[in-house]
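For reference, the structure is listed below as structure tokens.
The values are calculated or read from the model by the stated rules, or taken from the named source; none is laboratory data. Please read all numbers here as calculations on a predicted model, not as lab measurements. Note that each Cβ is placed from the backbone with ideal geometry, even for glycine, and that neighbours are counted across all protein chains shown. Side chains included, ligands, DNA and RNA excluded: accessible areas come from the protein's heavy atoms. Shrake-Rupley method; radii C 1.70, N 1.55, O 1.52, S 1.80 Å.
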Amino acid sequence: MRGGPSVLGVVLAGGEGKRLMPLTAARAKPAVPFGGAYRLVDFVLSNLVNGGITRICVLTQYKSSSLDRHLATTWRLSGLTGDYVTPVPAQQRLGPRWYLGSADAVYQSLNLVHDEQPDHIVVFGADHVYRMDPQQMLQAHIESGAGVTVAGIRVPREQASGFGVISTASDGRRVSDFLEKPADPPGLPGDPGRVFASMGNYVFSTKVLVDALQRDAENPSSRHDMGGDIMPMLAGSGQAMVYDFDDNHVPGETERDHGYWRDVGTLDSYYEAHLDLISIHPVFNLYNRQWPIFTHPAQLPPAKFVAGGIAGESMVSAGCIVSGQVTQSVLSPGVVVEEGAVVQGSVLLDGVRIGRGAVVRRAILDKNVVVPPGATIGVNPQRDRELYTVSAAGVVALAKGQRVD
């Protein structure tokens, strides 16, 4: 028998992820591979399941086939206990239209809420890299008596223009306003140099959420966004609280990785997060066995190094064969680096093949890219910009299966 309040997890996984192109050209952003073995959606689902929230609906929309397949093959919880992780595509229950925003996605899926009848609904985003115990946030929500609690992470005030900013009352907890990427946000009470940035994670009391979604759906001027519309509505009625992410502690964490949260929504942030993984003391520790990140590993043999192949300061996944030289890189399953090839500071996704004598530097190569013998990527910036996608920081990115000249 389950004790305590009943909770339904809702994961918002329908975004296009335009800023991560070309990695999102053929897949939804939550399905983008990360860290050699994982998909981005694995992080939020691992947090929910580790935290005891095991009835989870994943709302999908754009280019979801890869994501749906991953959920079906990986996230199979015990049906005997009523636990599940299920993808829920846009069903057009309210008419022939896509989701108009994150709030509309939940509104169009309220049949799930009516079926489950939970006391509380946890609504989390699907495309961030972090560890968090949602149970601690849920308990803080219940104790506060709030209608909604939003997770906030403290960031320097000068960086606030890139986030949704949570403005609080003098107590530092009650949300007075929710500001979308403000140019001049107010600082925190007692900490004026920093602000609360929204993590896109919410805990709602069910009736409060259902009522708010109904009112939002009837508002023709709404953007139907969870942060842009629902949060200001509930903040205006005094029902919103902020949960300080710094108060959250997970088993096995260290002082260094406590409070790590990364939005990998751009090529540069995605690339930098991978470089952190391969550092001697990474800020985000994938090796915490007390709060594991779950996935379904490919059924492949161990990686092997032949013909003098070496890899230093790198992560090398199962099924890789390295005959060349690899440094400061992440190799996903099934990558092949042939003799004489050089890979430096790069992220190679599943099935990439680097031909004999080729050179790849500061690049992200999506699945099944084949770099011909002697070819170069990341060596000639002008040529790279003519042929491929190049980020603001100069990282070269190739789409899934893209031809290399």
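List of remarks:
- Mean residue ellipticity (222 nm) of the chain, computed from DSSP H runs ≥ 4 via -39,500 (n - 2.57), nearest 500: -5500 deg cm²/dmol
- Folded to 0 to 90 degrees: helix 206-217 orientation relative to the chain principal axis, Cα: 80 degrees
- Choice from 253, 180, 158 with maximal GNM fluctuation in the chain (Cα, 10 Å cutoff): 158
- Rounded percent of accessible protein surface that carbon and sulfur make up, the chain, 1.4 Å probe: 51 percent
- Under a model in which nothing but the beta-carbon of Lys, Arg (+1) and Asp, Glu (-1) is charged, the chain shows a dipole of about 1140 debye around its Cα centre.
- Largest-first ellipsoid semi-axes for the chain, taking √(5λ) over the Cα gyration tensor eigenvalues, angstrom: 39, 23, 21
- Among 153, 321, 310, the largest mean-square fluctuation in a Gaussian network model of the chain (Cα springs under 10 Å) belongs to 310.
- Extension gain, residue 218 back to residue 376 (0.36 nm per residue minus Cα-Cα distance, nm): 51.3 nm
- Listed residues 23, 80, 110, most fluctuating in the chain (Gaussian network, C-alpha, under 10 Å): 80
- Distance from region 209-252 to region 103-160 (C-alpha centre basis), Å: 8 Å
- Debye, to nearest 20: dipole size of region 146-265, +1 on Lys, Arg Cβ, -1 on Asp, Glu Cβ: 100 debye
- A simple count of charges around residue 21, restricted to other residues whose Cβ falls under 12 Å of its Cβ and scoring Lys, Arg +1 and Asp, Glu -1, yields +4.
- Environment charge at residue 296 (Cβ cut-off 11 Å; Lys +1, Arg +1, Asp -1, Glu -1): +2
- Probe 1.4 Å, all protein chains present, accessible-area order of 122, 7, largest first: 7, 122
- Computed from Cα positions, the angle between helix 134-144 and the longest principal axis of the chain comes to roughly 20 degrees.
- Residue 76 versus residue 393: modelled label distance in nm, points set 7 Å from Cα along the beta carbon direction: 3.9 nm
- Surrounding net charge for residue 266, when Lys and Arg each add one and Asp and Glu each subtract one, Cβ distance under 12 Å: 0
- Antiparallel DSSP beta bridges within the chain, as percent of all bridges there, nearest 5: 35 percent
- Axis of helix 65-74 versus longest Cα principal axis of the chain: the two differ by about 80°, to the nearest ten degrees.
- Computed over Cα pairs, the Kirkwood radius of region 32-89 leads via Stokes-Einstein (0.692 mPa s, 37 °C) to a diffusion coefficient of 275 µm² per second.
- Heavy-atom accessible area per residue - the chain, 1.4 Å, Å²: 43 Å²
- Most simply put, region 1-106 has about 15% antiparallel DSSP beta bridges, counting only bridges with both residues inside it.
- Region 318-405 - share of DSSP beta bridges that are antiparallel (%, nearest 5): 10 percent
- Two-decimal Rg to Rh for region 1-158 - Kirkwood Rh, Cα set: 0.96
- The distance from the alpha carbon centre of region 362-405 to that of region 21-80 is 27 Å, rounded to a whole number.
- Cα-based Rg / Dmax (Å) for region 195-278: 17.0, 49
- When the surface is traced with a 1.4 Å probe over the full set of protein chains, residue 98 keeps roughly 140 Å² accessible.
- Cα convex hull of region 120-222, projected area averaged across orientations, nm²: 7.5 nm²
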